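One structure is given below, encoded as structure tokens.
The values are calculated or read from the model by the stated rules, or taken from the named source; none is laboratory data. As the structure is a computational prediction, the values presented were derived from the model and not from experiment. Virtual Cβ from ideal backbone geometry, glycine too; neighbours counted across all protein chains shown.
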Amino acid sequence: MNRASWTTKEVFTGRGGARTDEAGVITGGLTVRTTWDGRQADVAVGYSGTSQWFTLTGSPVSCARHQDSRKLHQAVVEAVKAGGGATVPRLEDVVGRS
């Protein structure tokens, strides 16, 4: 089975932060991690420099293609930078398919 993961460190949240399932909205310098197992992408965020992870609201996302999971990760990073209680974007909005 295909597997991949991406991690982007020191992503500073925009005003309104990022919404997580476990901790609500968190703000500040975060690390964004996306793990893809060939069927779905799991997205988590954590405060940079710590080992505690929180599920970003909207995760997991059904995702069958490696390149789509990479695009999803980048879209999540941009959403977290924008703030506003960022959640995982819809895959269809990221890759342009319905």
Worksheet item: What are the pairs, 6+ residues apart or on separate chains, where a residue within segment 6-26 that is among the basic types (Lys, Arg) has its Cβ under 6 Å from a residue that is in a strand (DSSP E or B)?
Response: LYS9/THR31; ARG19/VAL25
Worksheet entry | Qualifying residue in segment 79-96 (condition: assigned to a helix (DSSP H, G or I), modelled with pLDDT of 95 or more and either at positive phi or surrounded by fewer than 17 Cβ atoms within 10 Å (Cβ to Cβ) (or both)) | yes
Response to the item:
Residue count, segment 20-39, condition part of a strand (DSSP E or B) and either at pLDDT below 95 or exposed (fewer than 15 other Cβ atoms within 10 Å of the Cβ) (or both), comes to 2
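For (1) touching a residue at least 24 places away in the same chain (Cβ under 8 Å); (2) within 9 Å of the chain's Cα centre (by Cα); (3) over 13 Å from ALA18 (Cβ atoms), each residue gets a yes or a no:
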position	(1), (2), (3)
LEU30	yes, no, no
LEU56	yes, yes, no
CYS63	yes, no, yes
HIS66	yes, no, yes
ALA82	yes, no, no
GLU92	no, no, yes
Discussion item. Please pick out the residue among THR50, THR55 that is polar (S, T, N, Q) and assigned to a strand (DSSP E or B).
Written reply: THR55
Response to the item:
Within segment 58-71, the residues that are farther than 24 Å from GLU10 by Cβ, touching a helix residue (DSSP H, G or I) at 6+ places or on another chain (Cβ under 7 Å) and part of a helix (DSSP H, G or I) are ASP68
